[in-house]
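The values are calculated or read from the model by the stated rules, or taken from the named source; none is laboratory data. Remember, predicted model here, so these are calculated numbers, not experimental data. Here the Cβ positions follow ideal geometry from the backbone for every residue, glycine too, while neighbour counts run over all protein chains shown.
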Amino acid sequence: MENQDGFKKYGFATRAVHVGNDVDQDSGAIKRPITMANSYALPYDPTNVNWSSAGGNLYTRNGGTNQKYLQERIASLEGGEDCVVLASGVAALSGLFFALLNSGDHVIFSSVTYIAAYRLLHELFNNKFGVETTLVDTSDPANVAEAIKPNTKLIHIETPGNPTLTISDISAIADIAHKNGALLSVDNTFASPFNQRPIALGADFTIESLTKYINGHGDSMGGAIIGKTEHLDIIRAQSQINLGGAISPFNAWLIMRGSVTLPLRMRQHNENALAVAKWLEAQPCVSFVAYPGLESHPGHAVAVKQMSPGFGGVLSFGLKTDHDTHNKFVSHLKIITSAVSLGHDESLIVFLGENDERQYLYPEAFSNGFFRFSVGIEEKEDIIADLKQALEKCDLL
């Protein structure tokens with residue numbers, strides 16, 4: 001097979017199939033096997049081995065073969081120089097923050113993020129390690145510029161943001177960060193590298209929960225940090241090896257397998273979510289729909305600029321009804337499953353009530369409770385029909 005560097009000239013779908021894969025020299029299999037080993041053979045004289053190094057196969061916490069192959073693929077799909085794959089998306093977030101930040105550093109981060117990022121920066125790193133943090137509505141770059149301090153080390157944004165689908169301008173914020181000597185990390189999980197590649201837009205790091213779209217089958221967990229090797233070597237040493245956030249060989253293999261169909265699945269997620277968002281927006285019983293592919297979305301213009309060819313498979317919406325009827329609506333759904341996570345092949349929905357601790361950070365439309373809806377790859381007509389019959393059973397249509 002062609003050397004991996006030679007695949008740079010090929011398109012996204014071709015790289016999703018080929019990068020990191022090769023013929024197994026032992027068996028002749030044309031797919032990489034699962035190497036279910038936690039330890040590898042040592043050299044003749046191991047006395048000079050650095051037991052905390054990430055180079056070569058030593059111990060799976062230091063890095064394994066399946067992890068290595070997956071890292072090659074993710075780095076290629078993201079357009080990054082290097083990649084570290086860890087045990088979960090949260091391991092990737094905490095691994096990045098732990099390796100980069102020291103007491104006295106200042107971090108600016110999006111007011112709308114995944115709950116673990118909020119918890120890490122708003123509470124744990126702040127209280128335990130003396131890292132100063134500032135919550136900012138990053139949908140307006142001016143807010144980011146205003147929050148900059150002399151000790152600002154990192155700006156962390158999530159776009160689209162979870163769960164409100166807030167859009168932040170990656171290029172504009174990257175300019176602000178770099179003019180002030182700071183680094184920019186972008187959680188790209190909602191978009192996936194198929195729709196958005198933050199490093200090409202100026203970010204220093206991309207974070208992915210591989211558990212979601214890149215795996216795509218709801219059967220494994222993993223996380224990735226993509227960036228320059230000079231930074232990722234530090235993350236490997238501190239967060240993978242010495243904190244022990246390593247991914248298992250089996251999960252790395254499952255995600256490698258799932259990533260092959262990422263471009264095919266994302267086209268369907270993009271198409272289905274846009275169709276569902278437009279249908280919901282036309283229903284009188286729906287109080288709002290948040291989806292960056294809709295022209296009514298306040299971040300639509302920025303999303304068009306930095307997301308292509310689509311806007312992902314997640315949307316949020318509310319109903320003009322009471323708390324209990326929101327739950328009744330979910331109970332009537334037949335093919336849409338009430339469950340957390342996103343990016344699965346099947347459609348998943350979760351009702352987020354009025355008592356979310358971060359409600360004060362959300363737009364007013366979200367204050368009466370809302371749904372986060374991960375639109376799957378089923379036939380879009382069947383998804384819409386399922387929503388329709390559930391609304392009818394609740395006397396909302």
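General remarks:
- Filter result (in contact with a Pro (Cβ under 6 Å, 6 or more places away or on another chain) and either surrounded by fewer than 24 Cβ atoms within 10 Å (Cβ to Cβ) or in contact (Cβ under 8 Å) with a residue 60 or more places away in the chain (or both)) within the range 166-175: 167, 169, 170, 172
- Condition met for residue 77 (farther than 17 Å from residue 185 by Cβ, crowded, with 21+ Cβ neighbours inside 10 Å, among the aliphatic types (A, V, I, L, M) and under 21 Å from the mean Cα position of the chain (by Cα)): yes
- Check on residue 318, under 21 Å from the mean Cα position of the chain (by Cα) and either surrounded by 14 or more Cβ atoms within 10 Å (Cβ to Cβ) or of a type in the set (D, E, K, R) (or both): no
- The criterion of at least 2 residues that are among the hydrophobic types (A, V, I, L, M, F, W, C) and free of Cβ contacts under 8 Å to residues at least 24 places away in the same chain is met, among helices (runs of 4 or more DSSP H) falling completely within the range 294-397, by 300-306.
- Evaluation of residue 84 against the conditions (1) under 18 Å from residue 222 (Cα atoms); (2) out of contact with any Gly (no Cβ under 9 Å at 6 or more places or on another chain); (3) aliphatic (A, V, I, L, M) shows that the sole unmet condition is (2).
- Residue in the range 41-64 that is under 30 Å from residue 264 (Cα atoms), in the same structural domain as residue 229 (by TED's automatic domain parsing), loosely packed, with under 12 Cβ neighbours inside 10 Å and not charged (D, E, K, R) present: no
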